[in-house]
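Working notes, structure below.
Values quoted throughout were computed directly from the atomic coordinates according to the rules given, and no laboratory measurement underlies them. Note that this is a predicted model, so its numbers are computed, not measured. Because the Cβ atoms are built from the backbone with ideal geometry, glycine has one as well, and the counts that use them run over all protein chains shown.
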Amino acid sequence: MKALTKKLTKILESIGGKVQKSGWNSYQQYKYITESDLMDAVRKELGKAGIFIYTSVEDMSTREVPIKEGTTTITTVKMKYTFVDDESGESFEVYGMGEGADTQDKGINKAQTGAYKYFLMKNFMLSGNDDPENDGVTVNKPASKSTKKASSFSPNKSKEKEAEDVTVNSGFSKSKDETASEPKPSFKASNTTVREGATELEEDPEF
């Protein structure tokens, strides 16, 4: 099978990895690769190399699935694909699976089409971002909440604060200017504090 493998490797190199998408899903609004897109990408190269692909259905089954409108039939097929080299006579078989849902008689057609698409994509390593795990749902990240609190500063509040009287322990009020002109008692920089209404200094154990 050396000759066949060598030819398939050259085809793999000449095709490249990307396939243009011509299909359009109007329901979910996205482009996709059709079976004809893939066949057009490999047909010419297979012909030039003298390689033919035999296709046959190995097995098929159906099952009914409930849907909103009633029921639909899902058809599952097991396919066999045989590469044959016309020069050496070498051949190689590969298998693929496909499913198709239809309420009428197109289930087997859809199943075979799906199987053939992925047979070509996987064996010739073709990509077009048609990932079956991508369900088309976009998850939006929640907007980050700011933890910064709004400033409560008010220019008028500072002026009002300056205009307030300063209350001293003697029980009467003096203005700020009068208090500023009086000599302030001096204390040691020790752990002492003045408690409002107190007549003497008290030690603060948490100072």
Please work out the FRET efficiency for the pair E90 and N25, using the Cβ-Cβ distance as r and a Förster radius of 25 Å; give the result to the nearest 0.05. 0.05
Compactness index (Cα Rg / 2.2 N^0.38 Å), segment 1-57: 1.41
For V19, residues with placed amide H under 5 Å, excluding near neighbours: S127
Taking only C-alpha positions in segment 2-123, Rg and Dmax in angstrom work out to 16.8, 54
Cα centroid distance between segment 44-63 and segment 1-19, in Å? 16 Å
Taking the inverse of the average 1/r across all pairs of different Cα atoms in segment 59-107, what Kirkwood radius in Å do you get? 13.0 Å
Measuring from a point 7 Å past the Cα of T62 along Cα-to-C-beta, which residues in segment 91-115 have an amide N at less than 20 Å? 97-115
